[in-house]
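Note sheet for the following structure.
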């Protein structure tokens with residue numbers, strides 16, 4: 001009598017291919033994750049020293065984020081606020097100015113859609129809508145006391161860079177990988 005073994009096609013090969021497929025899928029997922037971390041970015045408000053390019057401050061922003069620069073006018077010695085927001089194109093937009101007295105360096109007329117109103121004894125020019133990719137500011141040495149107001153916190157610019165030095169404001173891109181591992185220079 002002959003001993004015949006029944007052969008089932010694919011029974012032996014299926015688990016090997018199945019395990020290889022799972023490993024290939026896992027490798028593809030990890031590769032895609034690494035590529036995403038490398039390629040994706042988070043928008044941040046960056047303050048950079050003009051003299052040497054050193055980033056002295058960064059904080060995450062998104063379209064609609066608002067920040068304010070405040071200072072004391074050198075001639076009038078009254079407070080001035082410049083209010084900005086981040087638009088959908090990740091640019092800074094000067095939206096409004098608040099000040100107490102007209103004079104040197106203060107707007108004297110309205111342009112385009114700008115509006116003027118008095119509120120709480122202060123003059124407000126609103127809807128300025130001036131888009132800026134970057135702007136530079138020289139930090140006051142004596143009177144100005146420049147401050148950045150962001151998410152309810154007040155940050156003296158003299159704490160970021162020497163008084164008298166110039167700093168550049170811009171919306172920069174920080175790689176997600178840098179952000180995840182704590183790459184923000186300063187996030188207050």
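Coordinate-derived values only; no laboratory data. Model, not experiment: these values are computed from the prediction. With ideal geometry, Cβ positions are generated from the backbone for all residues, glycine too; neighbour counts draw on all protein chains shown.
Summary table below
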quantity	calculated
Taking 175, 146 and counting other C-beta atoms within 10 Å, the order from fewest to most	175, 146
Rounded if a/c under 1.5, otherwise prolate or oblate - segment 42-180, Cα gyration tensor axes	oblate
Value of D in µm² per second that Stokes-Einstein yields for segment 83-161, Kirkwood Rh from Cα pairs, at 4 °C (1.567 mPa s)	90 µm²/s
Per-peptide average of other Cβ atoms within 10 Å, ordering 132-142, 157-167, 75-85, 25-35 highest first	157-167, 75-85, 132-142, 25-35
